[in-house]
Amino acid sequence: MAKINTYLRDFRTSEVHRIDPAVLDILWSIQQKMCCNSTYEIISGYRSPKTNQQLRKKSGGVAKRSLHMKGQAIDVRITGEQTKTVRDCAISLKSGGVGYYAKSNFVHIDTGR
């Protein structure tokens, strides 16, 4: 987990934070349900409060209390798969929150509601 936490660190500040293992379980479940073993492309893992605040100033789509700041969210796409297919699969799991950003071509997955 230490390597995963480091890999999913806030790349803007290099701050490392514990990632909720349930996020990784959801990612694994998506690949299993989709019967694919393609590569996950990570858009955003952990975000420090400082980074989150900076992103909120630039975009209206960033939550003030983002679960990224707790290590409970990740933004991804899967190489060779349509993001809406990934979204639909994530929703079908009923394992947490799912957001879909078609213009930016990624899916947000979290261990929230």
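Only the coordinates and a few stated rules stand behind these numbers; no lab work does. In this text, all values refer to a predicted model and were calculated from it rather than measured experimentally. Using ideal geometry, Cβ is built from the backbone for each residue, glycine included, and neighbour counts are taken over all protein chains shown.
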* Could you run the Karplus curve 6.51 cos²θ - 1.76 cosθ + 1.60 with θ = phi - 60° over segment 59-64 and give me ³J(HN,Hα) per residue in whole Hz, x for Gly and Pro? => 9, x, x, 9, 6, 4
* Asked: Taking a threshold of 23 Å on the Cα-Cα distance, which of the pairs Lys50/Lys94; Lys70/Lys94; Lys3/Lys70; Lys50/Lys103; Lys64/Lys103; Lys64/Lys84 fall above it?
  -> Lys50/Lys94; Lys50/Lys103; Lys64/Lys84
* **Leading residue at positive end of dipole, segment 1-110 (Cβ point charges), from Met1, His17, Ser66** => Ser66
* Structure fact -> extent check for segment 1-110: Cα max minus min per principal axis, descending, whole Å, gives 37, 32, 23
* To do: Could you grab the relative contact order for the chain? Cα pairs under 8 Å, six or more apart, rounded to a whole percent.
  => 26 percent
* Once both axes come from the Cα atoms, what is the angle between helix 21-34 and the longest principal axis of the chain, in degrees from 0 to 90, rounded to 10? -> 30 degrees
* Structure fact -> The distance between the Cα centres of segment 52-111 and segment 1-48, in whole Å, is 12 Å
* **Estimated vicinal HN-Hα couplings, Hz - segment 6-18 in sequence order (Karplus 6.51, -1.76, 1.60; Gly, Pro = x)** => 5, 5, 8, 4, 5, 6, 7, 10, 6, 6, 9, 9, 5
* Asked: Going by average Cβ neighbours within 10 Å, how do the peptides 76-85, 46-55 rank, with the highest at the top?
  -> 46-55, 76-85
* **Extension reserve of the Lys33-Val16 stretch, reckoned as 0.36 nm per residue once the Cα distance is removed** => 3.1 nm
* Grab the eigenvalues of the alpha-carbon gyration tensor for segment 42-102, scale each by 5, take roots, and send me the semi-axes largest first in whole angstrom. => 22, 13, 10
* To do: Measure off 7 Å from each Cα along the Cα-to-Cβ vector at Arg113 and Tyr101, then give the distance between these two points in nanometres to one decimal.
  => 2.2 nm
* Structure fact -> Which of Lys94, Lys33, Lys57 fluctuates most in a GNM of the chain (C-alpha springs under 10 Å)? That residue is Lys57
